[in-house]
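Trainee: If you scroll down you'll find the structure; I have some questions about it.
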Amino acid sequence: MELDMLTAISPVDGRYRGKTESLAGYFSEYALIRYRIRVEIEYFITLCELPLPQLKTFDNGLFDRLRDIYRNFNETDAARVKDIEKITNHDVKAVEYFIKEQFDAIGGLDEYKEFIHFGLTSQDINNTSVPLSIKEALEEVYIPQVEELIAQLQQYADDWKGVSMLAKTHGQPASPTRLGKEVMVFVYRLNEQLNQLKACKYTAKFGGATGNYNAHHVAYPEFDWREFGNRFVSEKLGLEREQWTTQISNYDNLGSVFDALRRIHTIIIDLDRDFWMYISMEYFKQKIKAGEVGSSAMPHKVNPIDFENSEGNLGIANAILQFLAQKLPVSRLQRDLTDSTVLRNVGVPLGHGVIAIQSTLKGLRKLILNEQKLEEDLENTWAVVAEAIQTILRREAYPHPYEALKALTRTNEKMTEETIHNFIQTLNVSDEVKAELMAITPQNYTGV
């Protein structure tokens, strides 16, 4: 079968391609090749700017033509790299040979081609390309979607700030709250963790075969290659160079990024489950789209499938992110190859993450607030004002107020407005305090 959305093995590139296509420019094989070429070209230009004695003659006009190799890179070019790889059986070496072909096409650069990939090992390219792709994918695709989710939640928090709601702790009726405040909890949590994600370092390994600039130093001992690497990684790639490494990245900071993503996803899972429960409690109805089917057997059903889809995808994303964060920093001696195949999967959890965020947004935007049901639940649960009454009685130094309210409310008899008010009238307190207690209702006992 030819590969397309119907024959793809992974739903990330199949069923959900429409939601994940924006990530293809960062994590596809095509994208990885393009990032590698970008690093190689910028490295060559930086050698010219050093300058190495043999590379003094280049100017900005040539640099623009060199940058066009990756700026104008297309799928035909990527296919050519893959053809070269069939011969080399080495993906980064195939990139080097492709760039040499491009130098030939530009013309007049034959004597400079050996300064492509000069003194480097494959991981100098991989361990700059991959964190750069992750950084740009997060900044340009993932974070804007999280911010869109936060903005939607903020709007609901504002819209519903005056809507009283029965709280549930341990699944049981608890002191009333406001719906807008409960949504605001998620706004706050997501903002906090998003700020932590934005504060994460994006670091790269760049130091030759075993991290010591051996080849660079033996060829040109007069240059400070560590300073060169720091400047190249920072100024040309927007990353931070790891100062002490083996052949590969330490991956510790990349692990921090993955952990930060997991915390964001965990909050969204919590959100998904809460709104799923609110729908089951009939606090929300859902907008019905003509032609949609909720169940193959039960025509009446409108299922909260968007929140369920999100929860499932976030579970997969977090499982992979946890594995990445735990596996990548561990490598035998100066390196083994296990990180190579693992790194090719860094886009998968982000794919599941953006699928989930879009599903959560879809679910949120289908909600119809059912204020009547919220009001009914409050009116049917007058026992929740017991906390308010006993607290005021404590203030008044009333003897054993908690125990008095416990005896009243901890029964199987239904507490009503009448039950509570009759109890208040039996209390040995002033008329002013009784009036204060009588004014408390499940609807207005919602704090600040």
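The values are calculated or read from the model by the stated rules, or taken from the named source; none is laboratory data. Being a predicted model, the structure only gives us computed values, none of them experimental. Here the Cβ is made from the backbone with ideal geometry for all residues, glycine too, and neighbour counts use every protein chain on show. With ligands, DNA and RNA removed, areas are computed over all heavy atoms of the protein, side chains included. Shrake-Rupley method; radii C 1.70, N 1.55, O 1.52, S 1.80 Å.
Trainee: In this structure, is residue 148 modelled with pLDDT of 95 or more, open to solvent by 50 Å² or more (accessible area, probe 1.4 Å) and within 14 Å of the chain's Cα centre (by Cα)?
Mentor: Against the criterion (modelled with pLDDT of 95 or more, open to solvent by 50 Å² or more (accessible area, probe 1.4 Å) and within 14 Å of the chain's Cα centre (by Cα)), residue 148 qualifies.
Trainee: Would you point out the residue of the stretch 102-129, among those that are modelled with pLDDT of 95 or more and small (Gly, Ala, Ser), that is most open to solvent (accessible area, probe 1.4 Å)?
Mentor: 105
Trainee: Restricting the stretch 80-93 to residues that are farther than 15 Å from residue 35 by Cα and part of a helix (DSSP H, G or I), which is least open to solvent (accessible area, probe 1.4 Å)? Spell out the reasoning first.
Mentor: Start the filter on the stretch 80-93 by keeping residues that are farther than 15 Å from residue 35 by Cα, which leaves 80, 83-90.
The next check asks that each one be part of a helix (DSSP H, G or I); those that pass are 80, 83-88.
Numbers: 80: 96, 83: 68, 84: 12, 85: 42, 86: 159, 87: 147, 88: 40 Å².
My answer is 84.
Trainee: For the stretch 158-175, check the following and say yes or no: at least one residue is touching a strand residue (DSSP E or B) at 6+ places or on another chain (Cβ under 9 Å) and either within 29 Å of residue 34 (Cα to Cα) or among the aromatic types (Phe, Trp, Tyr) (or both).
Mentor: Looking through the stretch 158-175, at least one residue is touching a strand residue (DSSP E or B) at 6+ places or on another chain (Cβ under 9 Å) and either within 29 Å of residue 34 (Cα to Cα) or among the aromatic types (Phe, Trp, Tyr) (or both).
Trainee: Can you name the condition, by its number, that residue 384 falls short on among (1) out of contact with any strand residue (DSSP E or B) (no Cβ under 7 Å at 6 or more places or on another chain); (2) under 15 Å from residue 442 (Cβ atoms)?
Mentor: Only one criterion in (1) out of contact with any strand residue (DSSP E or B) (no Cβ under 7 Å at 6 or more places or on another chain); (2) under 15 Å from residue 442 (Cβ atoms) is unmet by residue 384, namely (1).
Trainee: I need a count of the residues in the stretch 173-205 that are over 30 Å from residue 244 (Cβ atoms) and either touching a residue at least 40 places away in the same chain (Cβ under 8 Å) or open to solvent by 10 Å² or more (accessible area, probe 1.4 Å) (or both).
Mentor: Selection size over the stretch 173-205: 18.
Trainee: Looking at (1) in contact with an Asp or Glu (Cβ under 8 Å, 6 or more places away or on another chain); (2) surrounded by fewer than 19 Cβ atoms within 10 Å (Cβ to Cβ); (3) part of a loop (DSSP other than H, G, I, E, B), which is the one condition that is false for residue 210?
Mentor: Single failed check for residue 210: (1).
Trainee: I want to confirm something. Restricting to the stretch 213-248 and keeping residues that are charged (D, E, K, R) and open to solvent by less than 60 Å² (accessible area, probe 1.4 Å), which single residue is farthest from residue 133 (Cα to Cα)? Break it down stepwise before answering.
Mentor: In the first step, residues of the stretch 213-248 are kept if they are charged (D, E, K, R); the result is 222, 224, 226-227, 231, 235-236, 240-242.
Then keep just the ones that are open to solvent by less than 60 Å² (accessible area, probe 1.4 Å); that gives 236, 241-242.
On the way: 236: 14, 241: 15, 242: 17 Å.
Of everything passing the filter in the stretch 213-248, 242 is farthest from residue 133 (Cα to Cα).
Trainee: Quick one: which helices (runs of 4 or more DSSP H) lie wholly within the stretch 331-379 and hold at least 2 residues that are in contact with a strand residue (DSSP E or B) (Cβ under 6 Å, 6 or more places away or on another chain) and hydrophobic (A, V, I, L, M, F, W, C)?
Mentor: Where helices (runs of 4 or more DSSP H) fall fully within the stretch 331-379 and carry at least 2 residues being in contact with a strand residue (DSSP E or B) (Cβ under 6 Å, 6 or more places away or on another chain) and hydrophobic (A, V, I, L, M, F, W, C), they are 371-379.
The rows are residues; the columns are (1) open to solvent by 30 Å² or more (accessible area, probe 1.4 Å); (2) touching a residue at least 12 places away in the same chain (Cβ under 8 Å); (3) of a type outside the set (S, T, N, Q).
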| site | (1), (2), (3) |
| --- | --- |
| 26 | yes, yes, yes |
| 29 | yes, yes, yes |
| 38 | yes, yes, yes |
| 42 | no, yes, yes |
| 46 | no, yes, no |
| 59 | yes, no, yes |
| 68 | yes, no, yes |
| 71 | yes, no, yes |
| 75 | yes, yes, yes |
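Condition check ((1) out of contact with any helix residue (DSSP H, G or I) (no Cβ under 7 Å at 6 or more places or on another chain); (2) within 19 Å of residue 236 (Cβ to Cβ)) across all residues:
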{"residue": "101", "(1), (2)": "yes, no"}
{"residue": "108", "(1), (2)": "yes, no"}
{"residue": "119", "(1), (2)": "no, yes"}
{"residue": "129", "(1), (2)": "no, yes"}
{"residue": "135", "(1), (2)": "yes, yes"}
{"residue": "142", "(1), (2)": "no, no"}
{"residue": "148", "(1), (2)": "no, no"}
{"residue": "151", "(1), (2)": "yes, no"}
{"residue": "155", "(1), (2)": "yes, no"}
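Trainee: Filter the stretch 117-169 for residues that are assigned to a helix (DSSP H, G or I) and of a type in the set (S, T, N, Q) and give the result.
Mentor: Going through the stretch 117-169, the residues assigned to a helix (DSSP H, G or I) turn out to be 122-159.
Listed by number, the residues that qualify are 122, 123, 126, 127, 128, 129, 133, 145, 152, 154, 155.
Trainee: Please verify whether the stretch 47-57 includes one or more residues that are closer than 24 Å to residue 140 by Cβ and of a type in the set (Asp, Glu).
Mentor: Checked the stretch 47-57: no residue is closer than 24 Å to residue 140 by Cβ and of a type in the set (Asp, Glu).
Trainee: Any idea which residue in the stretch 399-448 is nearest to the chain's Cα centre (by Cα), counting only those that are basic (Lys, Arg) and part of a helix (DSSP H, G or I)? Spell out the reasoning first.
Mentor: Applying the first criterion (basic (Lys, Arg)) to the stretch 399-448 yields 406, 410, 414, 434.
Then keep just the ones that are part of a helix (DSSP H, G or I); that gives 406, 434.
Working: 406: 45, 434: 52 Å.
Once the filter is applied, the top-ranked residue is 406.
Trainee: Here's something else I'd like to know. Do we have residue 135 as within 27 Å of residue 341 (Cα to Cα), open to solvent by 10 Å² or more (accessible area, probe 1.4 Å), over 33 Å from the mean Cα position of the chain (by Cα) and not hydroxyl-bearing (Ser, Thr, Tyr) here?
Mentor: no
Trainee: Can you pull out the residues in the stretch 414-448 that are more than 26 Å from residue 178 (Cα to Cα) and either touching a Ser or Thr at 6+ places or on another chain (Cβ under 8 Å) or small (Gly, Ala, Ser) (or both)?
Mentor: Selection gives 430 alone.
Trainee: Something else about it: Got at least one residue in the stretch 384-392 being open to solvent by 30 Å² or more (accessible area, probe 1.4 Å), at negative phi and modelled with pLDDT under 95?
Mentor: For the stretch 384-392, residues open to solvent by 30 Å² or more (accessible area, probe 1.4 Å), at negative phi and modelled with pLDDT under 95: present.
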